[in-house]
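Take a look at the structure set out below.
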Amino acid sequence: MSTTSDRAFVTTRLFKASPALIFRAFSEPERLARWWGPNGFSNTFHAFDFKPGGLWHLDMHGPDGTTYPNKSVFEEVTPQRIVLRHLETVHQFTLAITLAEEQGGTRLTWEQTFDSVEECDKVRAYVPRCNEENLDRLESELARLTAGDRELVLMRIVDVPREKLYRCWTEAELLKQWFAPLPYTTPVAQLDVRPGGSSLVVMRGPDGTDMPNPGVYLEVVPNERLVATDAYTKAWEPSEKPFMTVVLTFEKLGDSRTRYTARVIHWSAADRAMHEKMGFYPGWGQCLDQLVALAQTL
């Protein structure tokens, strides 16, 4: 939830995570770099001295390739409150982040106060949305932090109704349009979407190599949840080498948005490590971008 005043934007959100876990996402630079900024932004850190008086120097890279240099100084750093002063001359503001235990989770309050009403008015049209997107990305990072040693989790809040996302997963002709990260393609998709039903999805590499992916659906809740595994190939026939079970959830939010979560559970910690090394996050992230782009046209 976001509110505004003459000089400030205040965003609050209840996270299903402890204050200590959220503090980790802020205090560990390799994690912070993954989620800081609105959707589509990436970061290069030059300095990150996470203590009162410490300098935070980074470049934010926009989706169009534009680089935005940023410098801030931390004024307060405790497990319950982080305050930083933005040093750039373009936009002068102070950001205060507080973490309070609530309902078994954490209420995060993000208060961005500008030096003048005029400064605040310059960015009023887009800052509340950007701050919400920033917290969406934090939520995704927290999902990674809470995954077990055999799990990989990709979570993102997307501006698409869950019914359209579900269609793209369960209608063969739609799935073929987004399932493989380009330049890979999906020439074959055979889907019997019911508990015990089999599936066969074939990915084709740029060199023409086909990679068949047979599996079986374990759970099907229309528009809400899909669970599938490669432990079986069809009709409960075991596969030679089970690798993973995929749990997809499509959580409807208060508007047209959906919290999309792909939880991939592996047979061993070694399998999980191998999958991540193979490029799980960039690959599945690119596929999700393609899925969302297609779903928005339906």
Single match in Pro282, Pro238 (criterion: more than 18 Å from Glu141 (Cα to Cα) and modelled with pLDDT under 95): Pro238
Residues of the stretch 225-237 classified as in contact with a strand residue (DSSP E or B) (Cβ under 6 Å, 6 or more places away or on another chain) and either within 25 Å of Pro161 (Cα to Cα) or part of a strand (DSSP E or B) (or both), total: 8
Residue within the stretch 31-47 that is at pLDDT 95 or above, over 23 Å from the mean Cα position of the chain (by Cα) and on the phi < 0 side of the Ramachandran plot present: yes
Test: residue in the stretch 99-111 that is on the phi > 0 side of the Ramachandran plot and in contact with a strand residue (DSSP E or B) (Cβ under 9 Å, 6 or more places away or on another chain): yes
Sole exception among (1) under 21 Å from Lys176 (Cβ atoms); (2) in contact (Cβ under 8 Å) with a residue 24 or more places away in the chain; (3) out of contact with any strand residue (DSSP E or B) (no Cβ under 9 Å at 6 or more places or on another chain) for Ser256, by number: (1)
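I need the full set of residues from the stretch 151-166 which are open to solvent by 20 Å² or more (accessible area, probe 1.4 Å) and at pLDDT 95 or above, in order please. So that I can check it myself, show each step before the final result.
Initially, the stretch 151-166 is screened for residues open to solvent by 20 Å² or more (accessible area, probe 1.4 Å), giving 151, 156, 159, 161-164, 166.
Of everything in the stretch 151-166, those that are open to solvent by 20 Å² or more (accessible area, probe 1.4 Å) and at pLDDT 95 or above turn out to be Glu151, Pro161, Arg162, Glu163, Lys164, Tyr166.
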Number of positions in the stretch 1-20 that are closer than 28 Å to Val292 by Cβ and crowded, with 17+ Cβ neighbours inside 10 Å: 5
Within the stretch 110-147, considering residues that are part of a loop (DSSP other than H, G, I, E, B) and free of Cβ contacts under 8 Å to residues at least 12 places away in the same chain, the one nearest to Trp35 (Cα to Cα): Tyr126
Near pairs, Cβ below 9 angstrom, 6+ apart or cross-chain, from the stretch 278-298 (in a helix (DSSP H, G or I)) to any residue that is acidic (Asp, Glu): Val292/Asp159
Check on Asn70, under 30 Å from Gly104 (Cβ atoms) and modelled with pLDDT under 95: no
Contacts under 7 angstrom Cβ, first residue in the stretch 85-109 being assigned to a loop (DSSP other than H, G, I, E, B) and open to solvent by 40 Å² or more (accessible area, probe 1.4 Å), partner basic (Lys, Arg) and modelled with pLDDT of 90 or more, 6 or more apart: Leu87/Lys71; Glu88/Lys71
Any hit, the stretch 68-81, residues being more than 21 Å from Glu101 (Cα to Cα), touching a residue at least 24 places away in the same chain (Cβ under 8 Å) and open to solvent by 50 Å² or more (accessible area, probe 1.4 Å): no
Filter pass, Asn43 being among the polar types (S, T, N, Q), closer than 25 Å to Gly285 by Cα and open to solvent by 50 Å² or more (accessible area, probe 1.4 Å): no
Filter pass, Cys168 being over 17 Å from the mean Cα position of the chain (by Cα) and not in a strand (DSSP E or B): yes
Filtered residue count, the stretch 262-279, keeping only those that are buried (at least 18 other Cβ atoms within 10 Å of the Cβ) and either closer than 23 Å to Tyr166 by Cβ or aliphatic (A, V, I, L, M) (or both): 4
Residue within the stretch 141-148 that is at pLDDT 95 or above and either in contact with a Gly (Cβ under 7 Å, 6 or more places away or on another chain) or surrounded by fewer than 17 Cβ atoms within 10 Å (Cβ to Cβ) (or both) present: no
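Have a look at Val216, Val202, Val193 and point out the one that is closer than 22 Å to Asp289 by Cβ and free of Cβ contacts under 8 Å to residues at least 40 places away in the same chain.
Values: Val216 fails: closer than 22 Å to Asp289 by Cβ; Val193 fails: closer than 22 Å to Asp289 by Cβ.
Just one listed residue meets the conditions, Val202.
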Number of positions in the stretch 183-220 that are open to solvent by 50 Å² or more (accessible area, probe 1.4 Å), more than 14 Å from Lys234 (Cβ to Cβ) and in a strand (DSSP E or B): 5
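The values are calculated or read from the model by the stated rules, or taken from the named source; none is laboratory data. Owing to the predicted nature of the structure, the values given are computational and were not obtained by experimental measurement. When we count neighbours, we look across all protein chains shown, and the Cβ atoms used for this are built from the backbone with ideal geometry, even at glycine. Ligands, DNA and RNA are excluded from the accessible area calculation, which covers all protein heavy atoms including side chains. Shrake-Rupley method; radii C 1.70, N 1.55, O 1.52, S 1.80 Å.
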